[in-house]
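Notes follow once the structure below has been shown.
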Amino acid sequence: MHKSQDIQNNVPALNLPPAPLRLRRDPDGEVRVHDPLRRRWIVLTPEEWVRQHFVAYLQSALGYPAAMMANEVGLKLNGTQRRCDTVVYARDGLRVLAVVEYKRPSVEITSAVFDQIARYNSVLGAPCLIVSNGLRHFCCRFRGDGYDFLSQLPSYETLICL
């Protein structure tokens, strides 16, 4: 069996299309995935498995340009350094269009997850928040007085207009 296929047999199935991931096993047995946005090899955790599949889905199915996305974006919140899982930018590279939060497939998406991403968004000001555990995906649009859940994830072109 091919080494990459062997690795993929030991990770959870997701409610996302297959993604063309580059996987490797280090000499110490640690499995890593190449993150094309960060341009480096990352330890393959269940959350990272979700992230890599979701980013590939955003690109291939919804037209999100890789150049307009970044993983593990740092921000300062109440004097504490935090990191957003994925941030999607407008074509100017400055305006944040969406913040994406990932959880491992075994983690239920609850209001606490949305509270976390809303806190991050208090700094970033994105019109769209997305949360996924790889099995369930939620997207909401921020309005001045709250959030409206969308029935589907927007394409990049739609996201620009939100």
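The values are calculated or read from the model by the stated rules, or taken from the named source; none is laboratory data. Nothing here was measured: the structure is a model prediction, and the numbers come from that model. We place every Cβ from the backbone using ideal geometry, glycine too, and count neighbours over all the protein chains shown. Please note that ligands, DNA and RNA were not included when accessible areas were found on the heavy atoms of the full protein model with its side chains. Shrake-Rupley method; radii C 1.70, N 1.55, O 1.52, S 1.80 Å.
Is the stretch 142-153 home to any residue that is open to solvent by 50 Å² or more (accessible area, probe 1.4 Å), outside any loop (DSSP other than H, G, I, E, B) and touching a residue at least 12 places away in the same chain (Cβ under 8 Å)? Checked the stretch 142-153: at least one residue is open to solvent by 50 Å² or more (accessible area, probe 1.4 Å), outside any loop (DSSP other than H, G, I, E, B) and touching a residue at least 12 places away in the same chain (Cβ under 8 Å). Just to be sure, is Ser122 at negative phi, in a loop (DSSP other than H, G, I, E, B) and either without any contact (Cβ under 8 Å) to a residue 40 or more places away in the chain or surrounded by fewer than 17 Cβ atoms within 10 Å (Cβ to Cβ) (or both)? Spelling it out, it is not the case that Ser122 is at negative phi, in a loop (DSSP other than H, G, I, E, B) and either without any contact (Cβ under 8 Å) to a residue 40 or more places away in the chain or surrounded by fewer than 17 Cβ atoms within 10 Å (Cβ to Cβ) (or both). Here Val113 passes the criteria (1) assigned to a strand (DSSP E or B); (2) buried (at least 17 other Cβ atoms within 10 Å of the Cβ) except the one numbered (1). Determine whether the stretch 57-65 contains at least one residue that is in a loop (DSSP other than H, G, I, E, B), of a type in the set (Ser, Thr, Tyr) and closer than 23 Å to Arg141 by Cβ. Yes, the stretch 57-65 has at least one match. Of note, Thr86 does not satisfy the criterion of being over 13 Å from the mean Cα position of the chain (by Cα), modelled with pLDDT of 90 or more and hydroxyl-bearing (Ser, Thr, Tyr).
The residue that is farthest from Ile109 (Cα to Cα), counting only those in the stretch 29-53 that are charged (D, E, K, R), touching a residue at least 12 places away in the same chain (Cβ under 8 Å) and open to solvent by 30 Å² or more (accessible area, probe 1.4 Å), is Glu30. Within the stretch 87-105, none of the residues are β-branched (Val, Ile, Thr) and open to solvent by 20 Å² or more (accessible area, probe 1.4 Å).
Apart from one condition, Leu16 fits all of (1) part of a loop (DSSP other than H, G, I, E, B); (2) without any contact (Cβ under 8 Å) to a residue 60 or more places away in the chain; (3) among the hydrophobic types (A, V, I, L, M, F, W, C); (4) surrounded by 13 or more Cβ atoms within 10 Å (Cβ to Cβ); the exception is (2). The single condition among (1) of a type in the set (Asp, Glu); (2) in a helix (DSSP H, G or I); (3) closer than 24 Å to Pro18 by Cβ that Glu101 does not satisfy is (2). If the requirement is being among the small types (Gly, Ala, Ser), open to solvent by less than 50 Å² (accessible area, probe 1.4 Å) and within 22 Å of Ala13 (Cα to Cα), which of these qualifies: Ala56, Ala70, Ala61? Selected residue: Ala56, the only one of Ala56, Ala70, Ala61 that is among the small types (Gly, Ala, Ser), open to solvent by less than 50 Å² (accessible area, probe 1.4 Å) and within 22 Å of Ala13 (Cα to Cα).
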